[in-house]
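One structure below.
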Amino acid sequence: MQITRSGEYGLRGLLFLAKQPPERVTLVSEISRNQNIPETFLAKIFQRLSKAGLLRSIRGAKGGFCLGKPANEITMREIIEALEGPIALNRCLLKEGECAEEEACPMHQVWEEIQRQFLEILDRTTMEDLVRRMVQNRRKGRG
């Protein structure tokens, strides 16, 4: 599994918004410039994230975007799945019965364990956690 540009840009855009004061409305153009993401592409990504409830879109002269819920409630998994669909490390893990060799395959259990741990990390990592890591990295001179 590899995260597409949509997934990466969506994560970066939401992280930018998570650093802002709550309820601050930010223009896509500002986020685009700050994160070096093509504006029209980011606008399409943000539309999808708005439909998923992760962003709020505000129309009008003072319009833009803000988080749809608190940063500590938005997980990496939610963002990725809103943009990429269900996460599966191997096609046999997409849904029950997808793999005809599920019972006999020695790799199936390994794929399941890897995916379980991967999803647990994405589920417990919130935008608030990433903002905190960013601040810590800057203090250590890594960002």
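The values are calculated or read from the model by the stated rules, or taken from the named source; none is laboratory data. Worth saying up front: this structure is predicted, and the values here are computed from it rather than measured. Using ideal geometry, Cβ is built from the backbone for each residue, glycine included, and neighbour counts are taken over all protein chains shown.
Okay, residues lined up against (1) acidic (Asp, Glu); (2) at pLDDT 80 or above; (3) closer than 21 Å to Pro21 by Cβ:
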| residue | (1), (2), (3) |
| --- | --- |
| Ala52 | no, yes, no |
| Leu67 | no, yes, yes |
| Pro86 | no, yes, no |
| Cys92 | no, no, no |
| Glu102 | yes, no, no |
| His108 | no, no, no |
| Leu119 | no, yes, no |
| Leu122 | no, yes, no |
| Lys140 | no, yes, no |
Subset of the stretch 1-53, residues farther than 17 Å from Val131 by Cβ, without any contact (Cβ under 8 Å) to a residue 24 or more places away in the chain and in a loop (DSSP other than H, G, I, E, B), comes to Gln2, Asn36, Pro38, Gly53
Open item on the list: Being closer than 21 Å to Arg138 by Cβ and either in contact with a Gly (Cβ under 7 Å, 6 or more places away or on another chain) or surrounded by fewer than 17 Cβ atoms within 10 Å (Cβ to Cβ) (or both) is the requirement here; does Gln2 meet it?
Closed with: no
Looking across the stretch 38-87 at residues that are under 22 Å from Gln2 (Cα atoms) and of a type in the set (Asp, Glu), the single one that is farthest from the chain's Cα centre (by Cα) is Glu84
Among (1) modelled with pLDDT of 90 or more; (2) out of contact with any Ser or Thr (no Cβ under 8 Å at 6 or more places or on another chain); (3) farther than 25 Å from Ile31 by Cβ, Glu81 falls short only on (3)
Note on the stretch 1-54: residues over 17 Å from Glu81 (Cβ atoms) and acidic (Asp, Glu) are Glu23, Glu30, Glu39
